[in-house]
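Inspection log for the structure reproduced underneath, given as structure tokens.
The values are calculated or read from the model by the stated rules, or taken from the named source; none is laboratory data. Computed from a predicted structure; not experimentally measured. Cβ placement follows ideal geometry from the backbone for every residue including glycine, while neighbour counts extend to all protein chains displayed. Protein only, heavy atoms only, side chains kept; ligands, DNA and RNA dropped before computing areas. Shrake-Rupley method; radii C 1.70, N 1.55, O 1.52, S 1.80 Å.
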Amino acid sequence: PMPFMQRLTNDGIAIHASDVREGYATRGCIGVPKPFAEKLFEETRLGDIVIITNGEMLKVGETIAAAG
């Protein structure tokens, strides 16, 4: 099961609650702790923009650099 699943792509990639521990992984999705997944599910709406970074933090209003 994928509690609080939010689809990122039409081919199955999603953000969802997961048992986040070292050595455990989802199959291509972004697994987050259940309390965070529940809060994210409550606060987001269809069409919201999702930005995935490699640990880089962005400030509110900061321009997103194009991937390249």
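Numbers at a glance
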{"item": "Carbon/sulfur fraction of accessible area - the chain, other protein chains in place, 1.4 Å, %", "result": "56 percent"}
{"item": "Candidates V50, V32, V20: whichever shows maximal mean-square fluctuation once the chain is modelled as a Gaussian network with Cα springs under 10 Å", "result": "V50"}
{"item": "Candidates per chymotrypsin sites (Phe, Trp or Tyr not before Pro) in the chain, loop by DSSP, up to 14 other Cβ within 10 Å", "result": "Y24"}
{"item": "Trypsin sites (Lys or Arg not before Pro) within the stretch 1-46, DSSP loop, no more than 11 other Cβ atoms inside 10 Å", "result": "R21, R27, R45"}
{"item": "Label selected from [x] 22, 62, 16; [y] 17, 46, 32, 4; [z] 21, 56, 22, 1, the criterion being P(r) over Cα pairs in 10 Å bins from 0, in percent as computed here", "result": "[y]"}
{"item": "With Cα atoms, 0 to 90° folded angle of helix 34-43 axis to the chain main axis", "result": "50 degrees"}
{"item": "The chain: GluC sites (Glu not before Pro) in DSSP coil with no more than 14 other Cβ atoms inside 10 Å", "result": "E22, E56, E62"}
